[in-house]
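Presented below is the structure to which this report refers.
The values are calculated or read from the model by the stated rules, or taken from the named source; none is laboratory data. Model, not experiment: these values are computed from the prediction. Cβ coordinates were reconstructed from backbone atoms using ideal geometry, including for glycine residues, and neighbour counts include every protein chain displayed. Calculation scope for accessible area: heavy atoms of the full protein, side chains included, ligands and nucleic acids excluded. Shrake-Rupley method; radii C 1.70, N 1.55, O 1.52, S 1.80 Å.
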Amino acid sequence: MAHVASGDLFRENVSKGTPLGKLAKSYMDKGELVPDDVTVQMVMDRITRPDCERGVVFDGFPRTVAQAQALDAALAQAGKKIGMVVLVDVKDETLVRRLSARWICPNDGVVYNTLTNPPRVPGRCDKDNGELYQREDDKPETVRRRLQVYHTQTKPLIDYYRAAGLLREVNGEQDIDQVQADLVKQVEQL
Ligand code: AMP
């Protein structure tokens, strides 16, 4: 299945300097959500590409009930539907700690964490020796704003998908291997 992460799509647009990227950046820098219409349009365009024919794992999308409704409508029109929604449940304080320790390789997108998954050489990617960077919006004050936005705008999706019988839950407080094992267990039930 194709991995479609709305945040990655926005970051691609930001680095290419497209009009969408410029608009998105003004929201992303503050930890706010990009407006629903722009986000939905971008994701819908992305899933028309051939790599999405066998299925898609959405990451960071939908983030509002309006986005979820737009996704449901678009999928219904295409004769498709959501198989399952996985909530990886992590406490706010754990997220602040993890995100401040997150480092990413600009070349291949590999994600490291200085606390839980450090690179062999500090600041360098294990695979291609690329110089790792930290996301601008992983600064603690922006993370806190992103969490506030999550609690008001995204959390209602838990009830939305629970009511639809699609919600599965994984305890994201566990270590990486256990979270992965639990995720695989859920996905195998698809
Ligand atoms: P992420 O990489 O998923 O943490 O997203 C980074 C930022 O991109 C978010 O803080 C938002 O500003 C924006 N973004 C990503 N996905 C969405 C979405 N589904 N709806 C609105 N904004 C989004």
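Some points to look at:
- Antiparallel %, DSSP beta bridges [both residues in the chain], to 5: 40 percent
- Under 25 Å from the Cα of Lys81 - lysines, other chains or at least 8 residues apart: Lys155, Lys185
- By accessible area, using a 1.4 Å probe on protein heavy atoms only, the chain has 52% of its surface on carbon and sulfur.
- Spatially proximal lysines relative to Lys16 (Cα-Cα < 30 Å; intrachain offsets below 8 disregarded): Lys25, Lys30, Lys127, Lys139
- Among the GluC sites (Glu not before Pro) in region 139-190, those located in a DSSP loop and surrounded by at most 15 other Cβ atoms within 10 Å of their own Cβ are Glu173, Glu188.
- Computed over the Cα atoms of region 1-82, pair by distinct pair, the Kirkwood hydrodynamic radius stands at 13.1 angstrom.
- Solvent exposure of region 1-151 amounts to 60 Å² per residue of accessible area, where only protein heavy atoms count and the probe is 1.4 Å.
- Semi-axes of the equivalent ellipsoid for region 90-170, computed as √(5λ) from the eigenvalues of its C-alpha gyration tensor and ordered from largest down, come to 30, 15, 11 Å.
- Where a label projected 7 Å from the Cα of Val88 along Cα→Cβ would reach, residues of region 96-116 with amide N under 12 Å: 99, 111-112
- For the chain: Kirkwood Rh in Å [reciprocal of mean 1/r, alpha carbons]: 18.0 Å
- Free-standing Cys residues across the chain, given no other cysteine C-beta under 4.7 angstrom: Cys52
- Neighbour-limited loop hits for trypsin sites (Lys or Arg not before Pro), region 85-139 (at most 14 other Cβ within 10 Å; DSSP other than H, G, I, E, B): Lys91, Arg120, Lys127
- Förster radius 41 Å - calculated FRET efficiency between Glu131 and Thr152, Cβ distance, rounded to 0.05: 0.70
- Region 82-136, relative contact order in percent, only Cα pairs under 8 angstrom and at least six apart counted: 30 percent
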